[in-house]
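Okay, so here's the structure we're looking at.
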Amino acid sequence: MKNRISILIIIVFSFYSNKMSAQDIHFTQYNASPLNLNPALAGLNSCRYRLSGNMRMQYGNASVSQFVYKTGNVSYDMSIAKAYKYKNFFGFGLNFYSDVSGDINYATHKLDLALAYHILLNKYATSTLSLGIMGGIGAKSVDLSKVTLDDQYDGYDFNPGGRQEVLDRNRFIYGDISAGALWSMTRKVSRKSNDFNFYNNYYLGIAFYHLNQPRLVFYNDNPSRQYTKFVFHGGGQILLKGKLSVMPSFMFLHQGTNQLNLGTYFRYKLGYLPVDKIAILLGVFARVNNQFDAIAPAIRFDYNKLQIGFSYDINVSKFSPGSGTIGGPELSIIYGGCFGKKTRVQFCPQL
C-alpha cells in the first residue's frame, strides 16, 4: 500500500502524550547557528554583521521515510553603537528556521528577534560579558491528507474514505521567550604579530529557551507544554604551533532529557600575512543522548569574510537498523564583515 503509516507517525503523535513534550531542532555544527545556541551571541562578532545559513537532512532514503527531517535555518545579527573606541555596545539579531518531518509534513516554522548587551570587562576589550534575550512566534502544522492507515485498506484495495485521524486543530501559532549569557576572553600568545591567529580565546555560555513553555499540542484537552531547554556551552581556539590551532567546543542540553555534543576542529592557516583570513579546518563531533547517538566528521573552509562547513552524521544508535545506518548531511555558510572603515575590530570568540 502506497504511503502506509510508518514509524514516523508514531513519533509525531507521541508528542501528544502527557509524558513528553516536543524537542527542538539540532545542528551538528551548532556554533554555525549562533542564535539557536545562545541569544547573547547577537552582535558579538569581530566586526559588525554576520549572516548565517544552515541546511540539514536526516535519514534520507531510509526505510522509515524519505528525508524524515529537513531543517533549514537563516539568521542575521549585527552590532549597534559599536564605536571606534572600545566601549560597551548592543547587538541585534533575527533568526528563522523551518523544520519539516516525513511524509505527512509535520512542520515547524519560527521567527525570533534577539537583543543583546555586551559589557567590556577591561579597557583592552579582551574580556566581555554578554547578556541577551530573544522572543518570537512559531507555527506548527500537520497535513492529515497525506496520512494513510491500515483501516483504509478494505482487504482488496486502498479506500481513502475509510477511518481517518481527526485533530482539534491541524495548525496553530504560539509565542516563545528565551534568554542567555556568555563570557569570553582573548589572550595574546605571541609578541611578534597583531594577527588574530596568534591569540588564544575562550568562551562559556548558558541559555534558557522556551521560558514560557508554550503548548505545542493538536488536542485542546492536552495540558502538555514544551520543556524549557537549558544550554551550557563553551569552547575556544588554542594556538598549537605556527599556523596550527585547535578549536574544541561542547554543548550540553537538558530538555526533558540530557544531550551532550562535543568535538573539535584542527585549524591550519593558509595565508602568510596578518590580514589573511584563509584557513582549512578538519574535525570530528559526537552526540550522546542517553546512548551514543552519532559521530560526525566535519570540514570547514574560511576565506576572509566567508566560512563554509560540511558535516555528515554517521548514525550509531539503536535506531540504525531502521535508518539503514544513513545519517544526516549538514551544510553551513557564514558571511560577516564591517560597514565602512571606522568600526574597530573586536576580540570576539572564534566559533
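The values are calculated or read from the model by the stated rules, or taken from the named source; none is laboratory data. Keep in mind the model is a prediction, meaning the values are calculated, not measured. Glycine gets a Cβ as well: all are built from the backbone with ideal geometry, and neighbour counts include every protein chain shown.
Tabulated data
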quantity: Selection within segment 109-125 - farther than 14 Å from F89 by Cα, hydrophobic (A, V, I, L, M, F, W, C) and in contact (Cβ under 8 Å) with a residue 40 or more places away in the chain; calculated: A114
quantity: Residue count, segment 207-249 (criterion: among the aliphatic types (A, V, I, L, M) and in contact (Cβ under 8 Å) with a residue 60 or more places away in the chain); calculated: 5
quantity: Filtered residues of segment 23-32 (kept if closer than 18 Å to C348 by Cβ and modelled with pLDDT under 90); calculated: none
quantity: Segment 54-89, subset modelled with pLDDT under 85 and among the hydroxyl-bearing types (S, T, Y), residue farthest from V316 (Cα to Cα); calculated: Y84
quantity: Residue list for segment 37-51, filter: assigned to a strand (DSSP E or B) and more than 8 Å from S79 (Cα to Cα); calculated: R50, L51
quantity: Criterion: among the hydrophobic types (A, V, I, L, M, F, W, C), at pLDDT 80 or above and surrounded by 24 or more Cβ atoms within 10 Å (Cβ to Cβ) - qualifying residue of L94, L111, L51, L35; calculated: L35
quantity: Among the candidates Y153, Y124, residue that is of a type in the set (S, T, Y), surrounded by fewer than 16 Cβ atoms within 10 Å (Cβ to Cβ), at pLDDT below 95 and under 30 Å from S79 (Cβ atoms); calculated: Y124
